[in-house]
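To start, the structure under review is shown below, and the notes come after it.
No value in this document is a laboratory result; all are computed from the given coordinates. A quick note: this is a predicted structure, and the numbers were derived from the prediction, not measured. Please note: Cβ atoms are built from the backbone with ideal geometry, for glycine as well, and neighbour counts cover all protein chains shown.
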């Protein structure tokens, strides 16, 4: 079977991000539709332009990008994922790329940020949420908060909670996320206006407070499921096989090669069959 070179390239994640600093930090995965402002959100949270931002509706994030910085006395790793409904890739390629972004950072993320735009919630946005359920599980919302961008679209004096209350599907989503929702504006609120609510510094501080409360409520645990556990186990098995073969590589190189092999197999499987079948194969091998 021919390997899609573009998919393999998308899966080449920079080694240094998978480090001790990442494993010891709070891992936050940013999910959302292409063009919703995920990369700009990451830059707003960190207060500097570490993530590449595109100027069009096409996805600028072609690969998983992760950056780690000390924030409020502890490390935070933001994991920017390729956008849902990216016009440059197929459904299978998009699914594979997003799944790798999550599974790469074992044992799993502490928080998902579901990014939506303030001014609209169309059937396509509803499809994005449905795909998140499909890729992960219903319980991932226990680890999620909804983050709205383009806060300048709020009416004067209006809070995001008031805006959410005007839209039943959005209200239901926020309710499933434990009532957690926040708003920022990557363009107009970065100049620290006098109005406290329309101030990114204030809103990011509130977001980080919510994240701390979520991690505490989950007793410091991270999101995991059979998929993440199976993939992590397969990576360990592949690494052990390479060590036993006497291959001359550093431990870091062995681990990276093992990850590449497992994720390439996942990618090829997703191109032909459903994710459940592929992961079922991982689970069978794990139990053997």
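Taking the Cβ-Cβ separation of residue 133 and residue 218 as r and a Förster radius of 30 Å, what is the calculated FRET efficiency to the nearest 0.05? Write out the running numbers ahead of the final one.
Values: r = 19 Å, r/R0 = 0.63.
Efficiency, from the Cβ-Cβ distance: 0.95.
Ranked by the mean number of other Cβ atoms within 10 Å per residue, highest first, peptides 73-85, 237-249 order as 73-85, 237-249.
Mean separation of Cα pairs under 8 Å and 6+ residues apart, divided by the residue count of region 170-258: what relative contact order is that in percent? Write down the numbers at each step before the final one.
Details: 41 pairs, mean separation 13.9, N = 89.
Reported as a whole number, the value is 16 percent.
In this structure, residue 194 and residue 243 have a Cβ-Cβ separation that, at R0 = 41 Å, corresponds to a calculated FRET efficiency of about 0.10.
Projecting label points 7 angstrom from Cα along Cα→Cβ for residue 264 and residue 171 puts them 5.2 nm apart. Taking 7 Å steps out from each Cα toward its Cβ at residue 152 and residue 119 produces label points 0.9 nm apart.
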